[in-house]
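Report on one structure; see the data block that follows.
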Amino acid sequence: MKTIKLFLSLVLIANSVLYAQKISGKVTSSGESLPYVNVYLKGTSKGSITNESGFFTIENVNKGTYTIVASFTGYKNAEKEITVEGNVVIVKLELEEALSLNEVIVTGTLKAVSRLESPVPVEVYSPTFFKKNPTPNVFEALQNVNGVRPQLNCNVCNTGDIHINGLEGPYTLVLIDGMPIVSGLSTVYGLSGIPNSLIEQVEVVKGPASSLYGSEAVGGLINVITKLPENAPLVFADSFTSDWGEANLDISFKTKVGKKANMLTGINYFNYSNPIDDNNDNFTDVTLQDRISVFQKWDFKRKSRRQFSLAGRYFYEDRWGGEMNWNRSFRGGNKVYGESIYTSRFEIIGNYQLPIDEKVNFQFSYSDHDQNSVYGDTPYIAKQRIGFGQLIWDKSLENHDLLFGLAARFNFYNDNTPATLTADKVTIPSIFVQDEIRLSEKQRLLLGARYDYDSRHGSIFTPRIAYRYKPTEDDIIRLNAGTGFRVVNLFTEEHAALTGARDVIIEEALDPEQSYNITLNYLKKIYSKSGKIFTLDASTWYTYFTNAIIPDYDTNPNQIIYNNLDGNSTSKGVSLNIDAVLGSGIQASVGATLQEVSQKENDVKSRQILTERFTSVWSFSYKHYPTNLTLDYTGNLYGPMRLPTLGDLDPRSEYSPTWSIQNVQLTFTGINNMELYAGLKNLLNWTPNKGNPFIIARSEDPFDENVQFDNNGNVVPTANNPYALTFDPSYVYAPNQGRRLFFGLRYQLN
């Protein structure tokens, strides 16, 4: 018995010697204590959280060498290598704040400036934001940005565009690395091919930016900025799949070519080939897609750090939707209905700084877009070529930061529709100037103007003014005003003009739209004594349109009538974003927008179709550092919008209900260079068929073979068509895709 007691005592002594070691310390930032900071030993499950005074203790640590990490949302991680030998190891860790507001942006003023210093309010979204709800393309990724809504325009082929503050997709200009090459046809058919793995950040400007970017930036713009080769990981791969059968693969890698060039290559492949008809209308709920996009970017080292980069992208997509028994043998025929779209597109983007003393850059782009598509038995064959070049002179003089630009844009467009009897060719030369004036330490004023000459419409002048007032280091007030000008390309922008059985009526030669906008923005940053950080970003805006071109679905339910509005259209509203860093690995953000988009004609005011009155988005993230697990919960909420019904007898609701798409994801980062993630999309299983007798009108008769018309072209109610409907898939406001499980894997080698 004594022997056993002696043995147990020796075990206890050995155990206490082995585990008596502990690590104690303090975490600070700028000399101030930081409470609720996660402190852990990398590669182990041992960790702690600092108390209100910033102190922490990690007990029962084996002897050895470790990397201790302090991590706090809103701050850069601090790492330090330590050796545990004695009973107590004392460690001091200093965290540096990761000020997202100091991110470098380029979109607002065509210059790389701090987000805090920019007189134009610009929202910045990093890859981390998009990883909270992984998607196969940029189009879907924007669903959690406040005031930005990806809008599906067709229940059959699922093409769509991006709305900003309630304005239709053609009012939004999408840029890649600052080049306006996503326009015309590609605003509907080219957004889905930008590899997410190559995105450095996405910058969003709400409101007109025509004075810098031309006539399409009337409602706002989205600039997708790709990574510089030298800043990209050596190898990156991201792949996920869902139980619906979706499969997405993103791969990128970089390499040096000689001593003066770095090359970055990215490949995205997406496939969905699993026809599903959960709403039992004999039509695919989600369009089947087979898509590949290849992107390559070169960055060249030059003397005096002058810039020279060149990038190219090729995109091919084969998508179709329609009746469940459709196959390629029915393409273009009138036996089985299907919408089949083949898209082939390539782009070139370049930026070259001239070898002179002044800072002058030549930026250029070219895009070539071929589309071969059929909508039932209606073919739409279109070609679009866009060439763009501009010289930008960046000049600073004391308190003036000047920018001068000369630009030219060549558009070629041709299709097989009656609206295009001959190919449309136009060259638009432009000149623009901008002066950012430093009035004082707290005040800046930006004046800008652009002059374009369009041979079809003559001279176009678009001025703008922006004022920034910074009363304190934590408060910024911005006031922006400007004008916009947009030339409408009907068939490249209005998908509803091609699909379904409605007749397209163009009542007159369409004049360009003009807009006038004013936006007030207030940004506030709050630091609590407990280390929490809050950022408030509030805006209010008012936009007035003349000559607005709004498709009229109401005058005749069997027609879509296009003309210039004999009156005016307005968009006005308020929005608020709140970002919170709460400590202990918790981060949250919520945004809400209230808006009214309406038109007034003959003293009659009406709401714009397919535009919500209010919207909200949110994200919540919690990272548990000891287990390397992160929980992300994201969602959005949309208020009712007016929908395109087919007359008084149509049993479908005239307004959508309030609806929400919510997602949850769990990510594990405990394996070197790898992340494992899984989750559920559309937790509430919301689809637009809920509460409606059907979504697609007369899906059982897509070629209207059993529809009777009177002498005036109006549909006559019959026994087999009691609601007097024609085939129409344009009643769409939300995705038809229900709840689904997804899981994926990321690998990164630096």
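Would you mind counting up the charge near ARG149? Only other residues with Cβ under 14 Å from its Cβ, with Lys and Arg at +1 and Asp and Glu at -1. Overall, the nearby charge balance is -2. Protection proxy ranking of 77-83, 606-612, 46-52, 651-657, by the mean of other Cβ atoms within 10 Å over each peptide's residues and highest first, is 606-612, 46-52, 651-657, 77-83.
Annotation: lysines with alpha-carbon distance below 24 angstrom to LYS297 (same-chain offsets under eight excluded): LYS111, LYS131, LYS227, LYS254, LYS256, LYS259, LYS260, LYS359. In order along the range 373-390, the phi-based Karplus estimate (6.51 cos²θ - 1.76 cosθ + 1.60, θ = phi - 60°) of 3J(HN,Hα) comes to 9, 9, 10, x, 9, 9, x, 9, 10, 9, 10, 9, 10, 10, x, 9, x, 8 Hz; Gly and Pro are listed as x.
Please determine, in degrees from 0 to 90 and to the nearest 10, the orientation of helix 2-19 with respect to the longest principal axis defined by the Cα atoms of the chain, where the helix direction is its Cα long axis. That works out to roughly 60 degrees.
Sorted fewest first by neighbouring Cβ atoms within 10 angstrom, ARG302, ARG746, ARG698, ARG739 come out as ARG302, ARG739, ARG746, ARG698. Sorted fewest first by neighbouring Cβ atoms within 10 angstrom, PHE742, PHE410 come out as PHE410, PHE742. Were the residues from LEU745 through PHE703 laid out at 0.36 nm apart, the gain over their Cα-Cα distance would be 10.7 nm.
Ranking GLY322, TYR342, LEU403 by Cα position along the charge dipole of the range 307-450, where only Lys, Arg, Asp and Glu carry charges on their C-beta atoms, puts GLY322 farthest toward the positive end. Out of all DSSP beta bridges with both ends in the chain, state the antiparallel percent to the nearest 5. Percentage antiparallel, nearest 5: 95.
For the range 264-382, the calculated P(r) over all alpha carbon pairs, in 5 Å bins from 0 to the bin holding the longest distance, is 2, 10, 15, 14, 13, 10, 9, 7, 6, 5, 4, 3, 1, 0 percent. Size check on the range 667-750: the Cα extents along the three principal axes, sorted descending, read 73, 27, 17 Å. When the alpha carbon gyration tensor of the range 227-297 is reduced to an equivalent ellipsoid, the three semi-axes, largest first, read 37, 10, 7 Å.
Coordinate range of the alpha-carbon atoms in the chain per principal axis, descending: 110, 72, 54 Å.
Full extension of the chain between ASN416 and SER45 gives 127.1 nm of extra length, using 0.36 nm per residue less the Cα-Cα distance.
Considering only LEU175, ASN274, THR65, and ranking their Cα positions along the charge dipole of the chain that arises from unit charges at the beta-carbon of Lys, Arg, Asp and Glu, the one farthest toward the positive end is THR65.
Cα centroids of the range 248-276 and the range 34-58: 38 Å apart. For the residue pairs LYS76/LYS206; LYS80/LYS623; LYS46/LYS525; LYS42/LYS63, alpha carbon separations beyond 24 Å are given by LYS76/LYS206; LYS46/LYS525.
PRO471 sits among other residues whose Cβ lies under 12 Å from its own Cβ, and their net charge, with Lys and Arg +1 and Asp and Glu -1, is 0.
In plain terms, if you count all Cα to Cα distances in the range 293-448 and split them into 10 Å steps from zero, the share in each step is 9, 23, 24, 19, 13, 8, 2, 0 percent.
Every pair of different Cα atoms in the range 31-89 enters the Kirkwood calculation, which places the hydrodynamic radius at 12.1 Å. Rounded to the nearest Hz, the phi-derived 3J(HN,Hα) couplings of the range 398-406 under the Karplus curve 6.51 cos²θ - 1.76 cosθ + 1.60 (θ = phi - 60°) are 6, 8, 10, 10, 9, 9, 10, x, 10, where x marks glycine and proline.
Here, each number is a calculation from the coordinates, and none is a lab measurement. Predicted model, so just to flag it, every value in this text is computed and none were measured. Here the Cβ is made from the backbone with ideal geometry for all residues, glycine too, and neighbour counts use every protein chain on show.
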